[in-house]
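Asker: Here it is, the structure in full.
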Amino acid sequence: MDVFEEKKQSFIEHCKIPYLKVAGIIPEVVEKGHVRFVMPVQDLHMNHVNIVYAGSFFVVAEAAGATLIFSAYAPERSYTPIIANVTIDYHKPATSDLVVDMSISEEEAAEKIAKINERGKGRYPLDVPVCDKEGNLCATAHITYYLYAK
């Protein structure tokens with residue numbers, strides 16, 4: 001089993017953050033520089049007006065973004081991500097499953113990590129698009145992770 005398949009299975013079976021499992025998030029794809037996460041919308045994720053709760057957008061965006069960082073640099077390097085800042089622009093209400101499908105090129109990944117590697121830690125901004133299952137952009141999470149090199 002390769003490192004990406006191991007990460008995917010570990011997320012599903014032994015997630016270090018119990019709420020991610022409770023939320024039902026499924027990492028469908030974890031490969032070099034590419035992730036696709038799906039969060040099946042259930043009652044847990046609906047708010048008082050029967051649209052997906054704002055916090056559910058945050059949870060799937062944060063998990064997918066952190067996993068994209070892992071996928072961009074593994075197996076050669078490893079980083080511990082901590083959330084430094086998040087803002088979310090909501091574009092369209094969602095009533096169906098949420099999907100985050102994003103990639104990062106090797107060139108962009110190298111550029112973003114260079115200063116962090118110099119210092120052993122640093123800020124890593126990432127824009128995470130969150131769509132509904134029909135592909136409509138519902139929100140964009142602007143997340144700044146603080147990374148520590150392992």
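Asker: Output yes when any residue across the range 66-88 is of a type in the set (Val, Ile, Thr) and over 25 Å from residue 23 (Cα atoms), and no when none is.
Answerer: No, every residue in the range 66-88 fails to be of a type in the set (Val, Ile, Thr) and over 25 Å from residue 23 (Cα atoms).
Asker: Please determine, by comparing only the residues of the range 73-105 that are under 18 Å from the mean Cα position of the chain (by Cα) and among the acidic types (Asp, Glu), which one is nearest to residue 130 (Cα to Cα).
Answerer: Of everything passing the filter in the range 73-105, 101 is nearest to residue 130 (Cα to Cα).
Asker: Give me the residue from the range 8-46 that is among the basic types (Lys, Arg) and under 13 Å from the mean Cα position of the chain (by Cα) and, out of that set, nearest to residue 99 (Cα to Cα).
Answerer: My answer is 36.
Asker: Exactly one condition in (1) farther than 23 Å from residue 26 by Cα; (2) out of contact with any strand residue (DSSP E or B) (no Cβ under 9 Å at 6 or more places or on another chain); (3) touching a residue at least 24 places away in the same chain (Cβ under 8 Å) is not met by residue 108; state its number.
Answerer: Only one criterion is unmet by residue 108, namely (3).
Values quoted throughout were computed directly from the atomic coordinates according to the rules given, and no laboratory measurement underlies them. Source: prediction; values computed, not measured. Reconstructed Cβ throughout: ideal geometry from the backbone, glycine too, with neighbour counts over all protein chains shown.
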